[in-house]
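K.L.:
Before I ask anything, here is the structure I am working with.
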Amino acid sequence: MGLIPAAAPKRATDLWYTEPFDKGWRIAFRIRQTLYSGESEYQQIDLFESESFGKVLVLDGMTMLTERDECGYHEMLVHLPMFTHAKPKRVLIIGGGDGGTLREVLRHPCVEEAVQVEIDSEVMEVSRRFLPELASGFSDPRATVVVGDGISYVGNAPDGSFDVILVDSTDPIGPAEGLFKKEFYSQCRRVLREKGVIAVQSGSPLFQPEVLRQVAAIFKELFPISCSYLSSVPAYGGPWSFTLGSLGPDPAHGPSRPLEGLKGTLRYYTPSLHKAALALPRYVEEMVE
Ligand code: AG3
């Protein structure tokens, strides 16, 4: 016979993490449990278990991934360029400390070596500890992990030493700023082998249109073939853009090889989506033409 209110709160606290994408719009996740919070030499690292999107990794207050929708980001950053190339053997990953990009690269049996250059070893450690499914590639014998600055690594790398380069960076503020500049991309072009392909994350077309505009314009200058494409990542506010540059193969032709033979199961990328992702909404097309 108690007078318990119908909407009695189940817990005393109701914690939410929010990322403001602009002055009037933010994305929020209900936190079930905080798993890690610490400051590295480069940035603030937070990781929590959310109510409905699995674990969420946050760097400097910006959502990097959720377990539920990271496939929309990692599979599209990786498989579109990897299947555009006929047979990528040596792959360079800049950033991507959580390991998701490396995991996707290593699904391709033709890859002989994947070199990952990440500036913040603490992000990799946090991922190994709390996101083992994403970090699985770190222990693959084909993976070489370099803790260091991606810009100087590429600057010092020999001409024509990689088939595919993937840039999995944070937003262009803080440690990742230089990864969006023309000097860096032209060094990347130098380091690509003949018929090499590069793909980079180029920001939200909704909230960072100037990032996409700038990257697309630089790629157009530097690469004989270039294009931007979209994926859908709810944790980043909907559409997310990637920009690809190619010294030979045309991504518009779709995957160069059958998907059979790829290790594990994909959740997002398909051959039809490879082509479809290149079709842009009018407002995005206008940004990149
Ligand atoms: N890196 C790019 C995500 C940037 C998201 N930006 C934001 N939430 N403001 C993702 C890293 C995953 N490997």
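The values are calculated or read from the model by the stated rules, or taken from the named source; none is laboratory data. Bear in mind that the values here come from a model prediction, so they are computed numbers and not experimental data. For neighbour counting, all protein chains shown are included, and Cβ atoms are generated from backbone atoms with ideal geometry for every residue, glycine included. Only protein heavy atoms, including side chains, enter the accessible area calculation; ligands, DNA and RNA are left aside. Shrake-Rupley method; radii C 1.70, N 1.55, O 1.52, S 1.80 Å.
K.L.:
Could you tell me whether any residue of the range 151-159 is within 16 Å of the ligand (Cβ to nearest atom) and not in a helix (DSSP H, G or I)?
P.N.:
Looking for residues that are within 16 Å of the ligand (Cβ to nearest atom) and not in a helix (DSSP H, G or I), one finds none in the range 151-159, hence no.
K.L.:
Go through the residues of the range 258-265 one by one and say whether even a single one is surrounded by 15 or more Cβ atoms within 10 Å (Cβ to Cβ) and either over 20 Å from residue 73 (Cα atoms) or within 18 Å of the chain's Cα centre (by Cα) (or both).
P.N.:
Looking through the range 258-265, none of the residues is surrounded by 15 or more Cβ atoms within 10 Å (Cβ to Cβ) and either over 20 Å from residue 73 (Cα atoms) or within 18 Å of the chain's Cα centre (by Cα) (or both).
K.L.:
Which condition from (1) surrounded by 22 or more Cβ atoms within 10 Å (Cβ to Cβ); (2) within 16 Å of the ligand (Cβ to nearest atom) is the one that residue 50 breaks?
P.N.:
Single failed check for residue 50: (1).
K.L.:
Quick check on this structure: which one of 140, 120, 98 is under 25 Å from residue 34 (Cβ atoms), open to solvent by 10 Å² or more (accessible area, probe 1.4 Å) and in the same structural domain as residue 187 (by TED's automatic domain parsing)?
P.N.:
None of the other options fit; the residue is 98.
K.L.:
Please work out which residue is farthest from the ligand (Cβ to nearest atom), limiting yourself to the range 202-218 and to residues that are part of a loop (DSSP other than H, G, I, E, B) and buried (at least 22 other Cβ atoms within 10 Å of the Cβ).
P.N.:
205
K.L.:
Can you tell me which residue is farthest from the ligand (Cβ to nearest atom) among those in the range 219-252 that are open to solvent by less than 20 Å² (accessible area, probe 1.4 Å) and among the polar types (S, T, N, Q)?
P.N.:
Checked the range 219-252; the qualifying residue farthest from the ligand (Cβ to nearest atom) is 246.
K.L.:
List the pairs whose first member sits in the range 214-240 and is at positive phi, whose second member is away from the ligand (no atom under 13 Å from the Cβ), and whose Cβ atoms are under 9 Å apart, counting only residues at least 6 apart or on separate chains?
P.N.:
Filtered contacts from the range 214-240: 238/232.
K.L.:
Next question, about the same structure. Can you name the condition, by its number, that residue 191 falls short on among (1) open to solvent by less than 10 Å² (accessible area, probe 1.4 Å); (2) in contact with a Gly (Cβ under 6 Å, 6 or more places away or on another chain); (3) farther than 23 Å from residue 280 by Cβ?
P.N.:
Every condition holds for residue 191 apart from (2).
K.L.:
Something else: If you go through the range 1-39 one residue at a time, how many are under 18 Å from residue 59 (Cα atoms) and either modelled with pLDDT of 95 or more or open to solvent by 50 Å² or more (accessible area, probe 1.4 Å) (or both)?
P.N.:
Residues flagged as under 18 Å from residue 59 (Cα atoms) and either modelled with pLDDT of 95 or more or open to solvent by 50 Å² or more (accessible area, probe 1.4 Å) (or both) within the range 1-39 amount to 19.
K.L.:
A further question on this structure: Please go through the range 219-248 and pick out each residue that is farther than 17 Å from residue 276 by Cα and not in a helix (DSSP H, G or I).
P.N.:
Residues satisfying the conditions are 223, 224, 225, 237, 245, 246, 247, 248.
K.L.:
Where residues in the range 53-86 are more than 11 Å from the ligand (Cβ to nearest atom), within 12 Å of the chain's Cα centre (by Cα) and surrounded by 24 or more Cβ atoms within 10 Å (Cβ to Cβ), which of them is nearest to residue 162 (Cα to Cα)?
P.N.:
Checking each candidate, the answer is 79.
K.L.:
Does residue 35 qualify as being in contact with an Asp or Glu (Cβ under 8 Å, 6 or more places away or on another chain), in contact (Cβ under 8 Å) with a residue 24 or more places away in the chain and assigned by TED's automatic domain parsing to the domain that holds residue 203?
P.N.:
no
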